[in-house]
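The structure appears right after this line, and notes come after that.
The values are calculated or read from the model by the stated rules, or taken from the named source; none is laboratory data. Not measured: the values here are computed from a predicted model. Here the Cβ positions follow ideal geometry from the backbone for every residue, glycine too, while neighbour counts run over all protein chains shown.
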Amino acid sequence: MERLQKAISESGYTSRRKAEELIRNGKVLVNGKLITEMGYQVSGNDTITVEGTTINREEKEYILLYKPRGVVTTTSDEKKRKTVLDLIDTKKRIYPVGRLDYDTTGVLLLTNDGELTNLLIHPSNDVEKVYVAKVEGILSKDDIIKLSKGVIVDGKKTAKAVVKVEKVDKKNNVSYIKLIIHEGRNHQVKKMFESLGYTVIKLKRENFAFLNLNGLKSGEYRYLSTHEVKMLYSLAKKKKA
Ligand code: URA
(Lines give C-alpha, C1' and ligand atoms only; values in the text may rest on other atoms or scores of the structure.)
Protein backbone atom coordinates (compact mmCIF):
# COMPACT_ATOMS: atom_id res chain seq x y z
CA MET A 1 0.00 0.00 0.00
CA GLU A 2 1.17 3.52 -0.65
CA ARG A 3 -0.14 7.05 -0.49
CA LEU A 4 -2.23 8.18 -3.43
CA GLN A 5 -0.06 11.26 -4.15
CA LYS A 6 3.06 9.07 -4.20
CA ALA A 7 1.48 6.61 -6.62
CA ILE A 8 0.60 9.49 -8.95
CA SER A 9 4.04 11.10 -8.85
CA GLU A 10 5.80 7.73 -9.33
CA SER A 11 3.86 7.24 -12.52
CA GLY A 12 5.58 10.35 -13.84
CA TYR A 13 2.28 12.16 -14.29
CA THR A 14 3.38 15.08 -12.13
CA SER A 15 5.30 15.98 -8.97
CA ARG A 16 4.09 14.91 -5.54
CA ARG A 17 3.14 18.46 -4.63
CA LYS A 18 1.07 18.90 -7.81
CA ALA A 19 -0.51 15.49 -7.24
CA GLU A 20 -1.68 16.69 -3.83
CA GLU A 21 -3.24 19.74 -5.48
CA LEU A 22 -5.02 17.55 -8.01
CA ILE A 23 -6.40 15.33 -5.25
CA ARG A 24 -7.55 18.36 -3.27
CA ASN A 25 -9.21 19.82 -6.37
CA GLY A 26 -11.21 16.66 -7.02
CA LYS A 27 -9.34 15.55 -10.14
CA VAL A 28 -8.46 12.04 -8.96
CA LEU A 29 -10.52 8.86 -9.01
CA VAL A 30 -9.56 5.55 -7.45
CA ASN A 31 -11.46 2.65 -9.03
CA GLY A 32 -13.91 5.20 -10.40
CA LYS A 33 -14.56 6.82 -7.01
CA LEU A 34 -13.65 10.45 -6.33
CA ILE A 35 -11.00 10.72 -3.60
CA THR A 36 -10.10 14.07 -2.06
CA GLU A 37 -8.57 12.70 1.14
CA MET A 38 -4.83 13.35 1.39
CA GLY A 39 -2.78 10.25 2.12
CA TYR A 40 -5.48 7.84 0.93
CA GLN A 41 -3.84 4.42 0.67
CA VAL A 42 -3.83 2.55 -2.63
CA SER A 43 -2.58 -0.90 -3.60
CA GLY A 44 -1.00 -2.00 -6.85
CA ASN A 45 -4.38 -3.33 -8.00
CA ASP A 46 -6.22 -0.04 -7.73
CA THR A 47 -6.94 1.91 -10.89
CA ILE A 48 -6.05 5.57 -10.54
CA THR A 49 -7.46 8.12 -12.95
CA VAL A 50 -6.07 11.64 -12.96
CA GLU A 51 -7.87 14.29 -14.99
CA GLY A 52 -9.43 11.52 -17.04
CA THR A 53 -6.18 9.63 -17.69
CA THR A 54 -5.48 6.26 -16.13
CA ILE A 55 -1.93 6.28 -14.83
CA ASN A 56 0.74 3.61 -15.18
CA ARG A 57 0.93 1.52 -11.98
CA GLU A 58 3.69 -0.89 -12.94
CA GLU A 59 6.04 -2.16 -10.28
CA LYS A 60 9.14 0.01 -10.34
CA GLU A 61 12.31 -1.18 -11.97
CA TYR A 62 15.75 0.46 -11.78
CA ILE A 63 18.53 -0.63 -14.11
CA LEU A 64 22.11 0.49 -14.51
CA LEU A 65 23.37 -0.23 -18.02
CA TYR A 66 26.95 -0.05 -19.25
CA LYS A 67 25.97 1.52 -22.54
CA PRO A 68 28.15 0.39 -25.43
CA ARG A 69 28.93 2.43 -28.55
CA GLY A 70 26.53 2.20 -31.44
CA VAL A 71 23.19 2.17 -29.64
CA VAL A 72 20.72 5.01 -29.35
CA THR A 73 19.43 6.25 -26.01
CA THR A 74 15.74 6.13 -26.87
CA THR A 75 12.95 3.63 -26.50
CA SER A 76 12.44 3.36 -30.26
CA ASP A 77 14.37 4.65 -33.23
CA GLU A 78 12.79 5.70 -36.51
CA LYS A 79 15.97 4.75 -38.36
CA LYS A 80 15.66 1.23 -36.87
CA ARG A 81 19.01 1.46 -35.12
CA LYS A 82 19.63 -0.63 -32.05
CA THR A 83 18.36 1.07 -28.87
CA VAL A 84 19.43 0.72 -25.25
CA LEU A 85 16.19 -1.16 -24.60
CA ASP A 86 17.24 -3.88 -27.06
CA LEU A 87 19.99 -4.74 -24.57
CA ILE A 88 17.61 -5.25 -21.65
CA ASP A 89 15.30 -8.17 -21.01
CA THR A 90 12.23 -6.59 -19.44
CA LYS A 91 8.50 -6.35 -20.00
CA LYS A 92 8.27 -3.13 -18.02
CA ARG A 93 7.98 0.24 -19.72
CA ILE A 94 11.34 1.55 -18.62
CA TYR A 95 13.11 4.43 -20.33
CA PRO A 96 16.50 6.14 -20.02
CA VAL A 97 17.12 8.90 -17.49
CA GLY A 98 18.85 11.54 -19.58
CA ARG A 99 20.85 10.72 -22.68
CA LEU A 100 24.18 9.48 -23.90
CA ASP A 101 25.12 9.99 -27.55
CA TYR A 102 25.14 7.09 -30.04
CA ASP A 103 28.92 6.81 -29.76
CA THR A 104 29.22 7.57 -26.03
CA THR A 105 29.69 4.66 -23.62
CA GLY A 106 29.18 4.29 -19.88
CA VAL A 107 26.72 4.59 -17.02
CA LEU A 108 23.10 4.92 -18.05
CA LEU A 109 20.19 4.64 -15.67
CA LEU A 110 16.85 3.28 -16.89
CA THR A 111 13.62 3.15 -14.93
CA ASN A 112 9.84 3.41 -15.09
CA ASP A 113 9.84 5.61 -11.97
CA GLY A 114 8.69 8.95 -13.29
CA GLU A 115 9.08 10.72 -9.98
CA LEU A 116 12.75 9.82 -9.63
CA THR A 117 13.36 10.65 -13.30
CA ASN A 118 11.81 14.09 -12.91
CA LEU A 119 13.86 14.77 -9.80
CA LEU A 120 17.11 13.63 -11.41
CA ILE A 121 16.76 15.50 -14.68
CA HIS A 122 15.41 18.72 -13.17
CA PRO A 123 17.87 21.53 -14.02
CA SER A 124 18.15 22.55 -10.36
CA ASN A 125 19.23 19.03 -9.60
CA ASP A 126 22.88 19.02 -10.39
CA VAL A 127 23.74 15.34 -10.17
CA GLU A 128 27.48 14.81 -10.55
CA LYS A 129 28.58 13.12 -13.75
CA VAL A 130 32.11 11.99 -14.44
CA TYR A 131 33.28 11.69 -18.03
CA VAL A 132 36.56 10.66 -19.58
CA ALA A 133 37.14 12.09 -23.03
CA LYS A 134 39.77 11.02 -25.53
CA VAL A 135 40.56 14.26 -27.29
CA GLU A 136 42.54 15.04 -30.41
CA GLY A 137 45.51 17.24 -29.52
CA ILE A 138 47.26 18.24 -26.34
CA LEU A 139 45.43 20.75 -24.18
CA SER A 140 47.29 23.84 -23.10
CA LYS A 141 47.23 24.85 -19.40
CA ASP A 142 45.19 27.85 -20.40
CA ASP A 143 42.53 25.74 -22.05
CA ILE A 144 42.30 23.46 -19.03
CA ILE A 145 41.67 26.48 -16.84
CA LYS A 146 39.07 27.78 -19.32
CA LEU A 147 37.25 24.43 -19.28
CA SER A 148 37.17 24.38 -15.49
CA LYS A 149 35.97 27.97 -15.19
CA GLY A 150 33.28 27.55 -17.83
CA VAL A 151 33.13 27.99 -21.59
CA ILE A 152 30.38 29.27 -23.85
CA VAL A 153 28.19 26.48 -25.19
CA ASP A 154 25.12 27.37 -27.25
CA GLY A 155 25.44 30.98 -26.14
CA LYS A 156 25.54 30.19 -22.42
CA LYS A 157 28.48 29.73 -20.10
CA THR A 158 28.87 26.28 -18.58
CA ALA A 159 29.12 25.94 -14.81
CA LYS A 160 32.44 25.31 -13.07
CA ALA A 161 33.88 21.86 -13.75
CA VAL A 162 36.67 19.75 -12.37
CA VAL A 163 39.17 18.99 -15.13
CA LYS A 164 42.01 16.49 -14.78
CA VAL A 165 44.48 15.40 -17.41
CA GLU A 166 44.58 11.60 -17.05
CA LYS A 167 47.09 10.83 -19.78
CA VAL A 168 48.86 12.55 -22.64
CA ASP A 169 49.90 10.50 -25.66
CA LYS A 170 52.27 12.83 -27.49
CA LYS A 171 53.14 10.25 -30.13
CA ASN A 172 49.54 9.94 -31.29
CA ASN A 173 48.71 13.53 -30.40
CA VAL A 174 45.78 12.64 -28.11
CA SER A 175 44.88 13.44 -24.49
CA TYR A 176 42.61 11.71 -22.02
CA ILE A 177 40.75 14.24 -19.92
CA LYS A 178 38.51 13.59 -16.94
CA LEU A 179 35.67 16.07 -16.63
CA ILE A 180 33.36 16.28 -13.64
CA ILE A 181 30.24 18.27 -14.40
CA HIS A 182 26.84 18.81 -12.85
CA GLU A 183 24.83 20.05 -15.79
CA GLY A 184 23.36 17.84 -18.47
CA ARG A 185 23.01 19.91 -21.61
CA ASN A 186 22.80 18.36 -25.04
CA HIS A 187 26.21 17.05 -26.20
CA GLN A 188 27.69 19.13 -23.41
CA VAL A 189 31.11 17.53 -23.09
CA LYS A 190 31.78 17.42 -26.82
CA LYS A 191 30.64 21.02 -27.20
CA MET A 192 32.81 22.16 -24.29
CA PHE A 193 35.89 20.80 -26.03
CA GLU A 194 34.71 22.03 -29.43
CA SER A 195 34.38 25.55 -28.04
CA LEU A 196 38.16 25.53 -27.61
CA GLY A 197 38.85 23.85 -30.95
CA TYR A 198 39.34 20.25 -29.78
CA THR A 199 37.56 17.20 -31.16
CA VAL A 200 36.38 14.41 -28.86
CA ILE A 201 37.29 11.04 -30.37
CA LYS A 202 35.82 8.89 -27.62
CA LEU A 203 33.62 9.64 -24.64
CA LYS A 204 32.81 7.51 -21.64
CA ARG A 205 30.64 8.32 -18.61
CA GLU A 206 32.27 6.69 -15.63
CA ASN A 207 29.85 7.92 -12.95
CA PHE A 208 26.33 9.12 -12.61
CA ALA A 209 26.05 10.33 -8.99
CA PHE A 210 27.54 7.45 -6.94
CA LEU A 211 26.77 4.85 -9.62
CA ASN A 212 29.73 3.49 -11.52
CA LEU A 213 30.57 0.68 -13.93
CA ASN A 214 32.22 -1.64 -11.41
CA GLY A 215 31.51 -5.29 -12.17
CA LEU A 216 29.91 -4.61 -15.54
CA LYS A 217 31.23 -5.18 -19.04
CA SER A 218 30.12 -3.04 -21.97
CA GLY A 219 26.51 -3.98 -22.85
CA GLU A 220 25.81 -5.56 -19.46
CA TYR A 221 23.38 -4.28 -16.87
CA ARG A 222 22.33 -4.82 -13.29
CA TYR A 223 19.40 -3.88 -11.06
CA LEU A 224 19.88 -1.18 -8.46
CA SER A 225 19.52 -2.21 -4.83
CA THR A 226 16.75 -0.72 -2.69
CA HIS A 227 19.45 1.14 -0.83
CA GLU A 228 20.81 2.69 -4.05
CA VAL A 229 17.31 3.80 -5.06
CA LYS A 230 16.83 5.40 -1.64
CA MET A 231 20.18 7.14 -1.96
CA LEU A 232 19.25 8.54 -5.38
CA TYR A 233 15.98 9.86 -3.96
CA SER A 234 17.61 11.51 -0.98
CA LEU A 235 20.36 13.01 -3.12
CA ALA A 236 17.87 14.37 -5.64
CA LYS A 237 15.56 15.80 -2.97
CA LYS A 238 18.38 17.37 -1.02
CA LYS A 239 19.65 19.11 -4.12
CA LYS A 240 16.20 20.34 -5.04
CA ALA A 241 15.44 21.74 -1.58
N1 URA B 1 28.22 15.01 -23.37
C2 URA B 1 28.29 14.70 -24.67
O3 URA B 1 28.80 15.45 -25.47
N4 URA B 1 27.81 13.51 -25.06
C5 URA B 1 27.26 12.62 -24.21
O6 URA B 1 26.85 11.54 -24.62
C7 URA B 1 27.19 12.97 -22.85
C8 URA B 1 27.67 14.18 -22.45
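General observations
- Scan the stretch 5-22 for residues that are among the hydrophobic types (A, V, I, L, M, F, W, C) and in contact with a helix residue (DSSP H, G or I) (Cβ under 6 Å, 6 or more places away or on another chain) and the total you get is 2.
- Residue ID - nearest to L108 (Cα to Cα), chosen from residues in the stretch 120-168 that are among the hydroxyl-bearing types (S, T, Y) and not in a loop (DSSP other than H, G, I, E, B): Y131
Quick grid of which residues meet (1) under 20 Å from the mean Cα position of the chain (by Cα); (2) not assigned by TED's automatic domain parsing to the domain that holds T199; (3) not aliphatic (A, V, I, L, M):
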{"residue": "I88", "(1), (2), (3)": "yes, yes, no"}
{"residue": "I94", "(1), (2), (3)": "yes, yes, no"}
{"residue": "G98", "(1), (2), (3)": "yes, yes, yes"}
{"residue": "T104", "(1), (2), (3)": "yes, yes, yes"}
{"residue": "L116", "(1), (2), (3)": "yes, yes, no"}
{"residue": "K146", "(1), (2), (3)": "no, no, yes"}
{"residue": "D169", "(1), (2), (3)": "no, no, yes"}
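- Residues within the stretch 182-206 that are under 22 Å from L64 (Cβ atoms), crowded, with 20+ Cβ neighbours inside 10 Å and not charged (D, E, K, R), tallied: 2
- Screening N172 on (1) at pLDDT below 95; (2) in a loop (DSSP other than H, G, I, E, B) shows it passes everything except condition (1).
- Yes/no for L110 being under 12 Å from the mean Cα position of the chain (by Cα), crowded, with 16+ Cβ neighbours inside 10 Å, part of a helix (DSSP H, G or I) and more than 12 Å from the ligand (Cβ to nearest atom): no
- Condition check for V153: in contact (Cβ under 8 Å) with a residue 24 or more places away in the chain, crowded, with 21+ Cβ neighbours inside 10 Å and within 16 Å of the ligand (Cβ to nearest atom): no
- The residues listed here are A133, A209; of these, the one that is more than 13 Å from the ligand (Cβ to nearest atom), at pLDDT 95 or above and either basic (K, R) or surrounded by 17 or more Cβ atoms within 10 Å (Cβ to Cβ) (or both) is A209.
- Only one of the numbered conditions (1) within 13 Å of the ligand (Cβ to nearest atom); (2) loosely packed, with under 14 Cβ neighbours inside 10 Å; (3) of a type in the set (D, E) is not met by D169, and that is (1).
- Residue among L235, L216, L179 that alone is outside any strand (DSSP E or B), surrounded by 17 or more Cβ atoms within 10 Å (Cβ to Cβ) and not small (G, A, S): L235
- Exactly one residue out of Y198, Y233, Y221 is of a type outside the set (D, E, K, R), more than 30 Å from E61 (Cβ to Cβ) and either in contact with a Cys (Cβ under 8 Å, 6 or more places away or on another chain) or touching a residue at least 12 places away in the same chain (Cβ under 8 Å) (or both): that is Y198.
- Scanning the stretch 69-94 for residues that are surrounded by 17 or more Cβ atoms within 10 Å (Cβ to Cβ) and within 24 Å of V127 (Cα to Cα), we see that the one that is farthest from the ligand (Cβ to nearest atom) is I94.
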